[in-house]
Amino acid sequence: MAKGSNFFHNLLSSIMGGNDPEATKKRMLKNIDKELSRTKFHFYKSGKHEAEPQLAKFFYDIYKAISPAQLMFQNANQNPGMLKNLVINASLTEKQLEDVERFSEESITDLASKSDLKTLQKHIIEDLKSFSAQFDSTRINQIDALYSKTLAFSNFCSFDYYFILKKFDSSIREHNFSTLPKFQPINGTYILEELKNFCAVAWALPLDAPWDDMFVLLKKIKTVEPITANVWKKIVARLRTLKERQVFEMMVQLISENPAYKENVKIENHHIMDDYISQIKKQVEKTVNSLKKKQAEGKIEKLVTEIFGTTNIDSLKNYNSGNSANLERKNFKGYIYQEPLKYLKHFILNFGKKEIRELSDILLVRGEWATQQMAKPMSEAFHQLMEISEKITKLDDKLAENAEWGMKIKTLMPRADRDKEARNIINMVLGDTNEAAAQMIVSARNNLIIYDKNLKMALEDFVKAPHSEIIINWKDLDHFAEGTLKNQCISVYKTIYAFVQLIQNFNVQVHVVPKE
């Protein structure tokens with residue numbers, strides 16, 4: 001471009017504004033003002049920077065129309081789950097509502113007191129499948145859409161119209177429509193944020209959707225419509241026009257002097273029905289598991305009393321419930337097998353090393369077995385069981401504050417919240433501890449089962465005397481027993497059987513099967 005041409009280009013640019021950002025912004029705002037005036041909505045006077053009484057009248061008309069609905073939704077807004085439940089319950093048939101009631105914790109607990117828990121669980125699972133099958137994708141979408149629509153309506157009704165109207169007339173009273181307010185023009189900046197907030201709730205409404213189903217719902221909830229369908233349709237029609245003509249967006253652009261402002265509001269589609277059915281299933285599962293746990297606790301208490309004559313069993317020194325609770329408060333697993341391990345230690349010390357040892361001395365030491373091979377499984381099971389007591393003590397001692405594992409936990413615990421490595425080390429120690437405990441419990445259980453199985457075979461052989469095939473000197477052994485040998489065998493057999501049942505109630509898991 002020639003030098004003379006540059007001069008005239010620059011001169012023209014300076015006259016027209018050229019690339020000056022401020023001049024460009026002024027032109028854009030001027031065009032927005034012209035466009036707003038063409039909409040015929042006289043809500044804002046750009047020259048005076050004032051929001052007009054017509055805008056207040058627009059909000060007042062909405063406020064007056066939706067006021068009963070606003071009061072209706074007050075409780076629902078304080079409890080977000082309430083509206084979901086209202087929509088879902090109003091969408092279910094009477095039979096489905098009865099089904100939901102049967103899935104409640106109270107109902108299941110009541111039924112469990114009158115029937116077998118396993119049978120009840122089977123029936124509940126079948127009923128749940130039947131209930132879930134009634135909600136195909138079409139039905140679920142209908143309920144979800146109704147909730148999304150009702151929630152958007154609730155948010156629109158709950159907008160603080162009174163707050164914005166009070167700026168136009170400070171004498172206005174909340175929910176009082178007996179006297180007509182006297183609205184005055186106000187500076188647009190006073191309501192800038194309120195305009196943005198109104199757009200957020202108004203444009204979130206599905207303005208093109210049918211509303212009949214929502215009014216059926218509202219009538220079910222309230223019996224009297226909080227707003228008539230015709231009045232609401234007129235409001236929606238006006239909102240649709242305002243949204244299409246971008247009236248409020250242009251007002252915000254002019255008030256904030258930001259021509260680039262855009263209101264981006266997405267209509268949200270909420271999905272509540274899948275979650276509702278899922279929650280029912282979780283609640284049923286939680287209730288059944290809780291009943292199972294209570295049932296197991298009842299069985300455990302009964303078995304502990306039957307075996308030991310009391311439920312007051314001393315805990316281990318370190319691997320115990322108190323120390324476990326301290327770990328759990330820091331979100332660690334804790335000592336998950338402390339209860340069965342304390343029972344095992346008490347059983348071996350107070351029954352294994354007395355009654356089982358005395359019987360083993362008679363049968364395995366004084367008894368003449370047809371072959372030593374027959375006595376071997378029972379003998380090995382007894383000796384391995386006796387060794388476990390010492391292993392439990394060693395494990396417990398390692399968790400003392402001045403011992404290997406206990407010192408690690410004590411040292412690292414203060415850093416566990418902020419130091420990932422410290423947390424990992426504690427988890428490793430707990431993992432090794434619980435695995436060792438599980439190994440001992442499972443090993444003891446397996447050895448007791450072997451011992452009891454062979455004791456039962458010996459008892460059956462005792463009945464055959466003098467034609468016994470396993471122990472050939474039953475008659476000589478009887479005088480070594482307290483009372484009669486048969487009764488002593490039966491007593492030990494029953495106690496071991498009860499203790500195995502006790503241990504099995506704890507569902508102890510091991511990652512490596514212990515070698516017997």
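The values are calculated or read from the model by the stated rules, or taken from the named source; none is laboratory data. Only a predicted model underlies this, so the values are computations on that prediction, with no experimental measurement involved. Neighbour counts are summed over all protein chains in view; Cβ atoms, including those assigned to glycine, are modelled from backbone coordinates with ideal geometry. When the accessible area is computed, the model is the full protein with side chains, heavy atoms only, and any ligands, DNA or RNA have been set aside. Shrake-Rupley method; radii C 1.70, N 1.55, O 1.52, S 1.80 Å.
Laid out as a table, the results:
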item: Entries in Lys118/Lys281; Lys122/Lys302; Lys299/Lys354 that, when Cα-Cα distance is taken, lie over 19 Å; result: Lys122/Lys302; Lys299/Lys354
item: Highest-first arrangement of 125-137, 38-50, where packing means the average Cβ count within 10 Å; result: 38-50, 125-137
item: Alpha carbon convex hull of the range 359-510, projected area averaged over orientations, nm²; result: 11.3 nm²
item: For Tyr44, distant residues with modelled amide H under 5 Å away; result: Glu52
item: Three-way shape call for the chain based on the alpha-carbon gyration tensor, with the a/c threshold at 1.5; result: prolate
item: Ranked packing of 161-168, 409-416, most packed first, by mean Cβ within 10 Å; result: 161-168, 409-416
item: P(r), alpha carbons of the range 437-516 - 10 Å bins starting at zero, rounded %; result: 17, 39, 25, 16, 3
item: For the chain: accessible area per residue (Å², 1.4 Å); result: 57 Å²
item: Value in Å of the Kirkwood radius, where the range 340-390 supplies the Cα pairs that are averaged; result: 11.6 Å
item: Helix axis angle, 212-222 relative to the chain longest principal axis, alpha carbon, degrees; result: 70 degrees
item: Cα gyration tensor shape of the range 160-236, rounded if a/c is under 1.5, else prolate or oblate by comparing a/b with b/c; result: oblate
item: Cα gyration tensor shape of the range 204-327, rounded if a/c is under 1.5, else prolate or oblate by comparing a/b with b/c; result: prolate
item: Peptides ranked, highest mean first, by Cβ atoms within 10 Å: ranges 53-66, 487-500; result: 53-66, 487-500
item: Percent carbon-and-sulfur accessible area, the chain, ignoring ligands, DNA and RNA, probe 1.4 Å; result: 51 percent
